[in-house]
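Presented below is the structure to which this report refers.
The values are calculated or read from the model by the stated rules, or taken from the named source; none is laboratory data. Predicted, not measured: the structure shown is a model, and the values here were computed from it. When we count neighbours, we look across all protein chains shown, and the Cβ atoms used for this are built from the backbone with ideal geometry, even at glycine.
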């Protein structure tokens, strides 16, 4: 128990960045500043937010926070600050409750 | 886990050659202390109720959460018999939360618990978990003939001894001068955890003192 | 005053060591500072700060996410015991935010809606220690390999029904026991099957237990449930909805703390179990469809 059973960094998740040709933006079900920052961390060039903002309890504040988080996605202190006091986020829908046939992401190919 | 949970004869304690060291087992890393005692050939005993203290030659108050341990000591009236044990001259070692239980004063309001070691401690003195740390330090009394020795020490949300009263003496300090161990006769309070680094010197001291006290 | 300058912080010993200090104790889910104070007063060794307890997450549906930082700060200010918080599985940024908030442990938790359906976090890459849930040995060792410094069973959170938690801890124990005394070849095969390094399997088999502290969680509602967990070999217990969904939270919390310490003493268990009023109502497992089971999240 004194030493880590396995050396640090032995597992996957470093930031996965494929070379980017053109501009990739992530659009989808995110509702929080942390979600926006996660998309950036995963290698997106920007984010589209739809229902996440206007289904939130406090749309203006949430929108501003998501903008800040997209810019400062590497700065956890700023992310913590802008994530605070936003009220209820969009309620969200758990994926398993959406049948495959109704998933919008299945449109297009 | 296959053994019956109800241990037979747990209160019987005959006088034997290896000293019996009680380890307060209401909460915390008591199993690690029991393992240390085992490697030193002493007999460890889990202490949850006053009757478990019958016949012990020394006591360890392990690391854990001092607020939780305080509740569990109060609920089953363990404070008085532990004080009586100290009065009989049995050695007591408190690590981290255990040192907080021993102190005569706790900074920022809380009432002292056992008041057996003339020091003032400050809980979580270094900060939250991200300020937990490992370092080497020099501790008195662990080397040959009671000389000082350098040991590796782990501090976890550790307390600091902010003041040592006239009856006690600082026996280990950090590089920046903060006191992290103090002793008063056979009572020793330390802010770190020899039980998780495998540093046996502190437990060896306790066992030696227990043998001396039992003579 | 922070750690001395030359000291090393966030080492494996400090990360796994905090969990060692919590052993034999009860960690309670709380949603506000008032509940955190009740938990501390009852003798909890830590609190898990979250927006809704699993019972309510289950009832409300929708996506469950990291809590509001203000709420976590409020709880940190209210109590002196460690404060843990949950991040969604694979949500690097929620975890970074919780680290910036100086929480004492992050639970990468299936109770929240997973953010990544392929990867759990690389927990070695954080300064703050992590804990994770498991249903079996393979899951536990994969999480430890990723850097988890503490484990817990998944159980089935928010049900007040301990049956899944019992199954999970029993499974881990039995799978370790089954590997005992096996040849290196067999252990290597098991490691490959579980997708973890052989050394980690070897370490586990030699110790006869998981190489980190393991608590029981998911469905504990009474003092007897907590004592049962300890009897099954748990290092401590998490209680979520079981306390603040009970008729008398303060009394139930204190009784569960006593039962966790005195799990071997049936007379004390009888005493602390008396007069607690209604426990949380609980949900029979058959009535929860597979697709709604939180324990199926994570892999």
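Data table
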{"quantity": "Qualifying residue in the range C:54-76 (condition: in contact (Cβ under 8 Å) with a residue 12 or more places away in the chain, touching a strand residue (DSSP E or B) at 6+ places or on another chain (Cβ under 6 Å) and more than 14 Å from chain A (Cβ to nearest Cβ))", "calculated": "no"}
{"quantity": "From B:134, B:199, B:195, B:175, residue being within 14 Å of chain C (Cβ to nearest Cβ) and assigned to a helix (DSSP H, G or I)", "calculated": "B:195"}
{"quantity": "Test: residue in the range C:118-130 that is outside any loop (DSSP other than H, G, I, E, B), within 30 Å of residue C:280 (Cβ to Cβ) and touching a residue at least 24 places away in the same chain (Cβ under 8 Å)", "calculated": "yes"}
{"quantity": "Number of the condition not met by residue C:114 [criteria: (1) in contact (Cβ under 8 Å) with a residue 40 or more places away in the chain; (2) within 15 Å of residue C:65 (Cβ to Cβ); (3) more than 11 Å from chain A (Cβ to nearest Cβ)]", "calculated": "(3)"}
{"quantity": "Residues that are at pLDDT below 75, surrounded by 12 or more Cβ atoms within 10 Å (Cβ to Cβ) and assigned to a helix (DSSP H, G or I), drawn from the range A:83-107", "calculated": "A:95, A:96"}
{"quantity": "Residue among B:114, B:93 that alone is closer than 30 Å to residue C:46 by Cα, in a strand (DSSP E or B), modelled with pLDDT of 95 or more and touching a helix residue (DSSP H, G or I) at 6+ places or on another chain (Cβ under 6 Å)", "calculated": "B:93"}
{"quantity": "Failed criterion for residue A:1 (all others in (1) within 12 Å of another protein chain (Cβ to nearest Cβ); (2) modelled with pLDDT of 70 or more; (3) over 21 Å from residue C:93 (Cα atoms) hold)", "calculated": "(2)"}
{"quantity": "Top-ranked residue in the range C:1-21 [being under 16 Å from the mean Cα position of the chain (by Cα) and either more than 7 Å from chain B (Cβ to nearest Cβ) or over 16 Å from residue B:192 (Cα atoms) (or both); ranked as surrounded by the fewest Cβ atoms within 10 Å (Cβ to Cβ)]", "calculated": "C:16"}
{"quantity": "Residue match in the range C:180-195 (condition: in contact with a strand residue (DSSP E or B) (Cβ under 8 Å, 6 or more places away or on another chain) and under 30 Å from residue A:97 (Cα atoms))", "calculated": "no"}
{"quantity": "Residue check, residue C:287 modelled with pLDDT of 95 or more and under 27 Å from residue C:172 (Cα atoms)", "calculated": "no"}
{"quantity": "Evaluation of residue C:105 against (1) farther than 17 Å from residue C:32 by Cα; (2) modelled with pLDDT of 95 or more; (3) facing chain A (nearest Cβ under 10 Å) (one fails), failing number", "calculated": "(3)"}
{"quantity": "The range A:72-86 - residue that is out of contact with any helix residue (DSSP H, G or I) (no Cβ under 6 Å at 6 or more places or on another chain) and more than 8 Å from every other protein chain (Cβ to nearest Cβ) and, of those, farthest from residue A:46 (Cα to Cα)", "calculated": "A:78"}
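Conditions (1) part of a loop (DSSP other than H, G, I, E, B); (2) under 27 Å from residue B:29 (Cα atoms), marked per residue:
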{"residue": "C:1", "(1), (2)": "yes, yes"}
{"residue": "C:37", "(1), (2)": "no, yes"}
{"residue": "C:40", "(1), (2)": "no, yes"}
{"residue": "C:51", "(1), (2)": "yes, no"}
{"residue": "C:56", "(1), (2)": "no, no"}
{"residue": "C:63", "(1), (2)": "yes, no"}
{"residue": "C:70", "(1), (2)": "no, no"}
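Residue-wise test of (1) buried (at least 19 other Cβ atoms within 10 Å of the Cβ); (2) free of Cβ contacts under 8 Å to residues at least 40 places away in the same chain; (3) within 14 Å of chain B (Cβ to nearest Cβ).
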residue	(1), (2), (3)
C:202	no, yes, no
C:216	yes, no, yes
C:226	yes, no, yes
C:235	yes, no, yes
C:251	no, yes, yes
C:254	yes, no, yes
